[in-house]
1. What is the antiparallel percent of DSSP beta bridges lying wholly in the chain, to the nearest 5?
2. Find the accessible area per residue for the chain; the probe is 1.4 Å, ligands and nucleic acids are left out, and the unit is Å².
3. Given R₀ = 30 Å, what would the calculated FRET efficiency be for Val181 paired with Trp38, taking r from the Cβ atoms and rounding to 0.05?
4. By the scheme Lys and Arg +1, Asp and Glu -1, what is the net charge of all other residues having a beta-carbon under 10 Å from that of Tyr93?
5. So between Thr79 and Thr169, what do we pick up on full extension, going 0.36 nm a residue minus the alpha carbon distance?
6. Between Asn10 and Ser192, what is 0.36 nm times their sequence separation minus the Cα-Cα distance? Round to one decimal in nm.
7. Assuming R0 = 22 Å, can you tell me the calculated FRET efficiency for the pair Asn17 and Ser140, based on Cβ-Cβ distance, to the nearest 0.05?
8. In terms of modelled amide H atoms, which long-range or inter-chain residues lie less than 5 Å from the amide H of Thr28?
Amino acid sequence: CANAATITSNGGGDWSNTSTWTGGTVPTASDDVLIQEWDQVNVDISNAVCANITLNYNGTNNNDYSFLTFASGSQLTVTGAVTMGNNSGNHHYGSIFFVSSGNSTLIAGSLVEASSGISDFTGGTGTVQIKSTSTLPHYSYNNLTINASAGTVTLGAAITIGGNLLINTGTLDAGSHNLTVFGNFTNFGGFSPH
């Protein structure tokens, strides 16, 4: 059994490529991942995993970014949090981009926006699945699945879902925010409108 580690990006590249990561080790399910400022890591496989991931964890310059992109058919499963940006100074953003064609999936315990609220998120044709009690950032999603068991996912702001919303388990609480769904709204769990 391998020990958990913190794996840091090394200039960016494909998730499955050892040269993308400092030390040449592709992350495992028990590892925390840190994507450095201006690095772009592309999820190119259907079984990418990690424990937590932080985009732009050590940004030092104003208005800097780091990027997580998803190729067609790819999937990343994050047991804990996907954190966009950091709060160490001014405008250290994290950006997530799904391709505009071909299904790809991000499965996460939670999606957190830690910077000043304008990190980039492009839903493309991707699906985001949230698995734990959390507050959902203000992004425009393509497909969104709530799979939070007995937990509650709360909207942190108004959100738009261009595709389908599936509440499989748990509850989606709109709070005081608007929820716009252009595709199908399927509810096997709970929904609290605003």
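The values are calculated or read from the model by the stated rules, or taken from the named source; none is laboratory data. Note that this is a predicted model, so its numbers are computed, not measured. Don't worry about glycine lacking a Cβ; one is built from the backbone with ideal geometry, like all the others, and counts go over all protein chains shown. Surface accessibility is based on the protein's heavy atoms, side chains included, excluding ligands, DNA and RNA. Shrake-Rupley method; radii C 1.70, N 1.55, O 1.52, S 1.80 Å.
1. Bridges in the chain are about 5 percent antiparallel.
2. 42
3. Working from the Cβ atoms, E equals 0.30.
4. Net charge around Tyr93: -4.
5. The span from Thr79 to Thr169 would gain 30.7 nm if fully extended.
6. Extra length available between Asn10 and Ser192 comes to 61.2 nm.
7. Computed FRET efficiency for Asn17 and Ser140 comes out at 0.15.
8. none
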